[in-house]
Amino acid sequence: MRVPYSWLKDYVDVELPVAELAHRLTMAGLEVDRVDYGWPGIVTAQILWQERIKGSDHLWATRVTTGTEELSVVCGAPNIQVRDKVPLARVGAKVGEITIGEKRAMGVLSQGMLCSPRELGLSDDHAGILILPPDTPLGVPLGAVIGEPVIDLDIKAHRGDLFCMVGVAREVAAFTGKTLRPPTIAVKEKGTAAAKLMKLEVRDAELCPRYTARVIRNVTVGPSPQWMADRLIAAGMRPINNVVDITNYVMLELGQPLHAFDYDKVADHTIVVRRAAPGETLTTLDGVTRHLTAEMLLITDPAGPNVIAGIFGGARVEVSETTTSVLLEAAHFKPTNIRRTSVTLGLRTESSGRFEKGPDVELTALAVDRAAQLLAELADGGVAPGRVDFYPHPVTQRALTFEPGQVPWLTGMTVTRNEVIDSLSALGFGVGDAVPGGADETLRVTVPTWRGDVEESADLVEEVARIAGYERIPSTIPTGPLPQPSRDPWFRREDRIREVLAGAGLTETVSYTLTSRAAMASLLPGVGGRDELLLAAPAPGMRADDAGETGDTASVAVSGRAAERRAIAALAERLPAIALVNPLSSELGVLRLTLMSGLLDIVRENAKHSDAGLWFFELGRRYLPTAELATGTGLADERHTLAIAMSGPLVQSWAAPDRDADFSGLKGVVETLLGALKVAGYRFTPTRHPTFHPGRAALLEVAIAHGGELTSEGGGGEIVESAWAPVAVLGEVHPDVAERFDLTKRTYLMEMDLERLYLAVPETVRQMPIARYPAAQRDLAVVVPQDVPAAEVEAAIHASGAPLVRGVRLFDVYTGAGIPEGRKSLAYAITYQSPERTLTDAEVERTQAAIVATLRERFGAEPRG
């Protein structure tokens, strides 16, 4: 909000220097972004020396000073003399359409330009340089000497009442103790009543709770008076003509946007306020045809739409030079609808910005009367008697009970009861005794309609503190016991994970928690259940063709890219993602169900710059819908999640051949993490998942028992099937998914549910003493069916050989000559050790024989000679 200082003085007798006023405004909660004096880059300077340039009959070589430095400037004006004080445009300043640069003129260096009144826009005088008064200080902005100071305020959205001159003046009057002088409004009416000249029909009172109109006839459209044009320019608006300028002037003065229609172009002189029809369009004043939706509010007539309500006008009924009668509108629209329409259309205006902040609904009558008054004075218009006003549910002022003692209790500052009353009264609050004539200190405070942000007594405390002065809050050292720090175990857990993964060579990334359904559908077509990311089978209720592929069939069986896009769009609509009510864009419309789509985007963008180092991880949250969220009684399930993406080599080195990321590398990183977290019981099993390549995906399961303790230590002990819980899915990205994300190299992904994982992480680590007795090593190779997982064989070895088996390591998998078709050979190195004695060969052989018998019984395994 730009506030010209001289305009502000029309409403309050402020005598403070502009710099001090800016400070006081900031301390009162109206943050001043800057004070603009005009003519940026132009400062005051003094001529120290001048000499005619040889070979020229009009150019002078001069030396000027700004008080801190001397510069060489070439000037052609005849009226300059040594010791004159002049405006100097420094290098980089813009004068008109010219940007000043350092250059040479007839061999003399010029480091700026001395300015004439016409170049500064002060007059048409171009005969010489503007000579400043002799007492002008040097090196200060020219605007501080002869310009109009403009205070640029950064007003927050909850204070819609401050987006106008009167609103700011009210604040200044309150903290300076001056009297507010709002504009005097007196409308001289004549002729036929407005109610007989026009009709009004509001079909949607929810989106338009009030609509006020006046008719002004016999207006003369022309340029605005110079004082009004100057004020509009200083406030950042372009003068157009007196009718349009008056609507903008009143908006800046009172904060109520207005719109002027050419009365004779409005069909049947009837205004209809309604929602847009499906497929309806409107060509706005900028010549753009806008495609409208049924959620958008329009100001129309029987011939069609005229204005996108509260945002932008149409060309059909605009005021022009031939306009003789004006229909003037001042309305109140639902702020959220204006915001949503503005974002959807990508159209933001001064009007929409104010409507979004929720202006005072009581302003419409005041503003339309003020504009009618100015049209009568500046455009010779005749104001038709009366207003046409749709206002079915007038607002009532809210009253709050306020105890002045809350001010010192909440702020620590000491104020009297009278100071509280004076501060609130100066801001327009009605203040009286809660019990008339009673001895109670409690006050009854009536909140003005323009202060929708004041809802409770704490808000009144803030108002008193602002006006009394925040500097009165005492500086004291806190006393009393310190509160106990809150302990969130996830901070420590995530720090540990970061440490491990960074040590493994991965780089942490952070992506938005907001995404689009289409992005997730490209990655996970057909996700329909909460645990789909961790399950190999489709979620309940899903069709088989939604969940994934069988064999080498693509996850979405479509012909052609266009058909694939349509199929993905259809799947996106079925994703159970939590949608935002008012998203910033369609790309950020829902909370993510997975971190993997964001990681693939990061891999794609970084691959444009380098093939190496694309090993990333992200710690974040997924947001899963819940039954409580659907009924409005609870929130989403926020799952702590880890995702890893790997593509290409970790580093590029001339000393060693590049080794691209592969499944074994990803699995190794995961096992490194599990080892660091002391997760003892885990296994990788084959799985199917629409994101991953068929046959190149695995499910990570961990052993969990009641209470979150492991059912085995170091892989030993019997693990029942029901104890295995899925925590992660990992594998190579499916070629179709890679194509959708424009990935050029094989990429490997993993997503892990950390909340499930930490059920298997021991809270305490028990250290085992170093064995006093030697270990015995045996190798065992068995031939098993091809579909038997090696992890299950390893678990069976642990269980059958307990308690003597201390370690099992798979060191060879073989298929080929000597192995029957459909079977494979698994070779394990088994470590036998007892903490109590040295094992004999007979004990070891007996245990190994028991293991072979168990494997033969469970898997049909046969020892390989």
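Hey, can you find the accessible area per residue of the chain for me, probe 1.4 Å, expressed in square angstrom?
Ligands and nucleic acids excluded, the figure is 48 Å² per residue.
For the chain, what is the mean residue ellipticity at 222 nm derived from helices alone (per DSSP H run of n ≥ 4: -39500 (n - 2.57); sum divided by total residues; nearest 500 deg cm²/dmol)?
The helix-only estimate for the chain comes to -7500 deg cm²/dmol at 222 nm.
Express the relative contact order of the chain as a whole percentage, based on alpha carbon pairs under 8 Å and six or more residues apart in sequence.
Contact order relative to length: 8 percent.
Whole-Hz ³J(HN,Hα) for each residue in region 659-667, computed from phi via Karplus 6.51 cos²θ - 1.76 cosθ + 1.60 with θ = phi - 60°, x for glycine and proline: what do you get?
Couplings: 10, 5, 4, 9, 4, 5, x, 5, 4 Hz.
Percent of alpha carbon pairs in the chain separated by more than 44 Å?
57 percent
Give me the distance between the Cα centres of region 660-702 and region 9-62, rounded to whole Å.
67 Å
Check S116: other-chain or 5+ apart residues with amide H under 5 Å from its amide H, H built from backbone geometry?
Residues meeting the amide H criterion: L130.
Label-point separation (nm) for T270 and I240, each offset 7 Å from Cα along Cα-to-Cβ?
2.7 nm
How do K745, K678, K54 rank by accessible surface area computed with a 1.4 Å probe, from largest to smallest?
Of K745, K678, K54, the descending order of accessible area is K54, K678, K745.
With the Cα gyration tensor of region 156-232 in hand, convert its eigenvalues to equivalent ellipsoid semi-axes via √(5λ) and list them largest first in whole Å.
31, 23, 14
Which cross-chain or sequence-distant (5 or more) residues have an amide H under 5 Å from the amide H of D637, H modelled 1.01 Å from N in plane?
Excluding prolines and chain starts, which carry no amide H, the hits are L624, T626.
Among the lysines, which have Cα under 18 Å from the Cα of K9 when same-chain residues fewer than 8 positions away are ignored?
Within the straight-line limit of under 18 Å, K9 reaches these lysines: K178.
Give me the extension gain from R34 to T401: residue separation times 0.36 nm, minus the current Cα-Cα distance, reported in nm with one decimal.
128.3 nm
What angle, in degrees between 0 and 90 and rounded to the nearest 10, separates the Cα long axis of helix 489-503 from the longest principal axis of the Cα atoms of the chain?
70 degrees
About its Cα centre, how strong a charge dipole does the chain have in debye, to the nearest 20, once Lys and Arg get +1 and Asp and Glu get -1 at the Cβ?
Computed about the Cα centre, the dipole is about 700 debye.
To the nearest 0.05, how large is the calculated FRET efficiency for Y814 and A775 if R₀ is 35 Å and r is the Cβ-Cβ distance?
0.85
Pairs of alpha-carbon atoms within less than 8 angstrom and 6+ residues apart define the contacts here; what relative contact order does region 42-147 have, in percent?
Relative contact order of region 42-147: 29 percent.
Once label points are set 7 Å from the Cα along Cα→Cβ at both E102 and Q484, what is their separation, rounded to one decimal in nm?
With each label point 7 Å from Cα toward Cβ, the separation is 6.6 nm.
Can you give me the relative contact order of region 194-390 as a percent, contacts being Cα pairs under 8 Å and 6 or more apart?
Over region 194-390, the number comes to 35 percent.
Classify region 715-865 from the C-alpha gyration tensor, please: rounded if a/c falls under 1.5, else prolate or oblate depending on whether a/b exceeds b/c.
Oblate, since a/c reaches 1.5 and b/c is not below a/b.
Set the Förster distance to 45 Å, then compute FRET efficiency between S457 and L347 from the Cβ-Cβ distance, nearest 0.05.
Values: r = 40 Å, r/R0 = 0.89.
Result of the calculation: an efficiency of 0.65.
What Rg and what Dmax come out for region 776-863 when only alpha-carbon atoms are used, in angstroms?
So, for region 776-863, Rg and Dmax equal 13.1, 44 Å respectively.
As an exercise, use a Förster radius of 30 Å and the Cβ-Cβ distance of N218 and L285 to find the FRET efficiency, rounded to the nearest 0.05.
With R0 = 30 Å, the Cβ-Cβ based efficiency is 0.75.
Rounded to a whole number, what is D in µm²/s for region 9-143 from Stokes-Einstein with the Kirkwood radius over alpha-carbon pairs (37 °C, 0.692 mPa s)?
In µm²/s, the coefficient is 200.
Which percent of the accessible heavy-atom area of region 16-108 goes to carbon and sulfur, probe 1.4 angstrom?
51 percent
Quick one: how many Å² of Y37 are accessible to a 1.4 Å probe, rounded to 10?
Solvent-accessible area, nearest 10 Å²: 60 Å².
I want to check the label-to-label distance for L588 and D841. Put each point 7 Å from Cα in the C-beta direction and report it in nm to one decimal.
Between L588 and D841, the label points sit 7.4 nm apart.
Please list, or write none, the aspartates and glutamates whose alpha carbon is within less than 14 Å of the alpha carbon of K85, excluding same-chain residues fewer than 8 places away.
E70, D135
In region 398-472, if every C-alpha pair distance is counted and binned at 5 Å from zero, what percent goes to each bin?
3, 17, 32, 27, 15, 6, 1
The values are calculated or read from the model by the stated rules, or taken from the named source; none is laboratory data. Keep in mind it's a predicted model, so treat the numbers as computed, not measured. Every residue, glycine as well, gets a Cβ built from its backbone with ideal geometry; the counts of neighbours run over all protein chains shown. In case anyone asks, the SASA skips ligands and DNA or RNA and just uses the protein heavy atoms, side chains included. Shrake-Rupley method; radii C 1.70, N 1.55, O 1.52, S 1.80 Å.
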